[in-house]
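Engineer: My structure is below; once you've seen it, I'll send some questions.
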């Protein structure tokens, strides 16, 4: 095999697929990136058996073939070569020569025949969504998945399609994030749980173009994302997702309308007094015209008042400040509505259309004087 391509094209392609190279594996072939030119295009593939990524790059194929190269070494070589054309040539013993201007590397590859190809997925009935929207929806929900493998379903996100609406849900036991998106077309109803790792990687490699779409295909066990020249295939998480609707309530005793940026900046300032690893709540005291935020830690204390519009009862309630910050950061609205019942019931941050709902459980606290 012999190919010639621009460094920028090759580097971009290698960086995209390397997101599917496992950090630890007992199968050394999975630590490789496959270069396959047998079908007349330069295709790069990586696969960790849960997540697989394939992308096609521009370049000249001098002679066809395929080779599997160690992903880590290959990426570092390409990254550090001059910004010029790179030539990759292999022989029958998998010896691979990578040249660029006056630099020349010789590395030993592996047979491409041993590589684990991506599962073959029938591509009919795709769901179309703009790259920008998918990237945004992931950003606005991914922070509340669990990083604890004890409950596998919590490490993924629910993708539920009802006619022309996509609902994406994530939760970790302390909070729930929900986004609803209007799709351009109506589709058959579907409900799958997509691993958080997959969505995180898709989000990183999605250009996020408003005028370009992502095609999403589903099977019983897999989900496939196709955009530009890239295909991402992932296993789904099996099992029945949590009954979210039972956890949501429209009842409230206290409703607060507040400037989002003011609230976010205030909580952010309060966390200056919290050491890494400390679990100090921010205490919110809601009265008729103002909200007082207090933080008390071993470092010191702070309190600050913010003007609000309030309906209902006065309330004092405590939260993990990080959970409030995570939700507020991804809301685009200038003002937000907070709905609360009592100091032990969840707080809901939602807009009138309920295109976003963030549920945050309060934490116990001792009153700060």
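Here, each number is a calculation from the coordinates, and none is a lab measurement. Values in this document were obtained by computation on a predicted structure and should not be read as measured data. Neighbour counts are summed over all protein chains in view; Cβ atoms, including those assigned to glycine, are modelled from backbone coordinates with ideal geometry.
Engineer: Expressed as an acute angle from 0 to 90° and rounded to the nearest 10, what is the orientation of the C-alpha long axis of helix 71-80 relative to the principal long axis of the chain?
Structural biologist: The angle comes out at about 90 degrees.
Engineer: What are the extents of the Cα atoms of the stretch 248-360 along their three principal axes, listed from largest to smallest and rounded to whole Å?
Structural biologist: 40, 27, 24
Engineer: State the extension gain, in nm to one decimal, for the chain segment bounded by residue 6 and residue 307, taking 0.36 nm per residue of separation less the distance between their alpha-carbons.
Structural biologist: Separation in residues times 0.36 nm, less the Cα-Cα distance, equals 102.7 nm.
Engineer: Could you give the length gained on full extension between residue 322 and residue 101, defined as 0.36 nm per residue of separation minus the Cα-Cα distance, in nm?
Structural biologist: Here the segment from residue 322 to residue 101 would lengthen by 74.6 nm.
Engineer: Nearest 0.05, what FRET efficiency do residue 62 and residue 221 give at R0 = 35 Å with Cβ-Cβ as r?
Structural biologist: 0.35
Engineer: How many percent of Cα pairs in the stretch 136-182 exceed 12 Å?
Structural biologist: The calculated P(r) of the stretch 136-182 puts 57 percent of pairs beyond 12 Å.
Engineer: Also: Take the Cα gyration tensor of the stretch 304-343, multiply each eigenvalue by 5, square-root it, and list the three semi-axes largest first, rounded to whole angstrom.
Structural biologist: 19, 14, 10
Engineer: Output the 0 to 90 degree angle, nearest 10, between the alpha-carbon long axis of helix 321-330 and the longest principal axis computed from the alpha carbons of the chain.
Structural biologist: It works out to around 60 degrees.
Engineer: 222 nm [θ] for the chain, helices only, -39500 (n - 2.57) per DSSP H run of 4+, per residue, to 500?
Structural biologist: Only helices count here, giving -5000 deg cm²/dmol.
Engineer: Continuing with the same structure: Given N residues in the stretch 110-207, what is Rg(Cα) / (2.2 N^0.38 Å)?
Structural biologist: 1.22
Engineer: Which angle from 0 to 90°, rounded to the nearest 10, does the C-alpha axis of helix 196-205 make with the longest principal axis of the chain?
Structural biologist: Around 70 degrees separate the two axes.
Engineer: Please check: in the Gaussian network model of the chain (C-alpha springs, under 10 Å), which one of 272, 263, 236 has the largest mean-square fluctuation.
Structural biologist: Comparing 272, 263, 236 in the GNM, the peak value goes to 272.
Engineer: So what's the stretch 59-122 giving for Cα Rg divided by 2.2 N^0.38 Å, two decimals?
Structural biologist: Here the answer is 1.24, to two decimals.
Engineer: State whether the stretch 2-114 is rounded, prolate or oblate according to the following rule on the C-alpha gyration tensor (a ≥ b ≥ c being the square roots of its eigenvalues): a/c under 1.5 gives rounded; otherwise a/b larger than b/c gives prolate, and the remaining case gives oblate.
Structural biologist: Taking the square roots of the gyration eigenvalues as a ≥ b ≥ c, the stretch 2-114 is rounded.
Engineer: May I ask you to compute the full-extension gain from residue 73 to residue 210, defined as 0.36 nm times their residue separation minus their alpha-carbon distance, rounded to one decimal in nm?
Structural biologist: 45.8 nm
Engineer: Over the chain, with a Gaussian network built from C-alpha contacts below 10 Å, which listed residue (277, 13, 65) shows the highest mean-square fluctuation?
Structural biologist: The residue that fluctuates most here is 277.
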